[in-house]
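Below is one structure; the comments refer to it alone.
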Amino acid sequence: MKIYYNILTIFFLTLFFFSNTFALEQKIMFIDIDYIYNNSNFGKKINENIKKKTKEFNDKNKNYLNTINEKKNSLLKKKNIIDENEFNEQKKLIQGEIKKINSQISKNEKVLIELRNNTRLDFSNQLNKVLQQYATDNSIDMIIDKKSILIGKSELNSTNKILSILNKNSN
């Protein structure tokens, strides 16, 4: 029985020794995904496209609101000149236009949200391909987002490497 315990103890010590050795051989790195998104050619192009669409929609929305405000002010100036029934009819027409405009503004916001989501997904897919290839080529076991790390060696930060690879691949 004593031999059994000795063999078991040796087995566990050997297992413990090799598991620590394997743990030390793991390659881990981290990247700052937000930095890559904001500084990569692909991310900059996405941001420019989103800003352009946002400005376009904001300009349209401003025009809608200016048109409605002009119609409201014009109607208010006529309030004492036209009879009450005609005033109420024009008021209803303006309220109907306001509903249409609000609906259009809501549609524009949905389009922007969908554009942001789709472009962010495209970016994530592109980045994922680069990360998978980089991990395979360099025998990396784990890649972690910088936001998830409390503290780490700066040598493990591969943000700039990944950024340059992504820029090469997106051209």
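Laboratory data are not the source of any read-out in this text; all were calculated from the coordinates shown. Nothing here was measured: the structure is a model prediction, and the numbers come from that model. No Cβ is skipped: glycine too gets one built from the backbone with ideal geometry, and neighbour counts run over all protein chains shown.
Treating only the Cβ atoms of Lys and Arg (+1) and Asp and Glu (-1) as charged, compute the dipole magnitude of region 67-158 about its Cα centre; round to the nearest 20 debye.
Taking the Cα centre of region 67-158 as origin, the dipole is about 440 debye.
Taking 1 over the mean of 1/r across every pair of different Cα atoms in region 62-128, what Kirkwood radius in Å do you get?
That comes to 14.7 Å for region 62-128.
Quick one: of K51/K77; K44/K147; K52/K78, which pairs are farther than 32 Å apart, Cα to Cα?
Distance filter (> 32 Å) returns K51/K77; K52/K78.
Could you give each residue of region 123-133 its phi-based ³J(HN,Hα) in whole Hz, using Karplus coefficients 6.51, -1.76, 1.60 with θ = phi - 60°, and x for Gly or Pro?
Taking θ as phi minus 60°, the curve returns 4, 4, 5, 4, 5, 4, 4, 5, 5, 4, 5 Hz for region 123-133.
For region 2-170, compute Rh as the Kirkwood radius over C-alpha pairs and then the Stokes-Einstein diffusion coefficient at 10 °C and 1.306 mPa s; write the answer in µm²/s, rounded to an integer.
73
From the backbone phi of region 135-152, what are the Karplus-calculated ³J(HN,Hα) couplings (6.51 cos²θ - 1.76 cosθ + 1.60, θ = phi - 60°) in whole Hz, Gly and Pro given as x?
In residue order, the calculated couplings are 5, 5, 5, 10, 6, 8, 8, 8, 10, 10, 6, 4, 4, 8, 10, 7, 8, x Hz.
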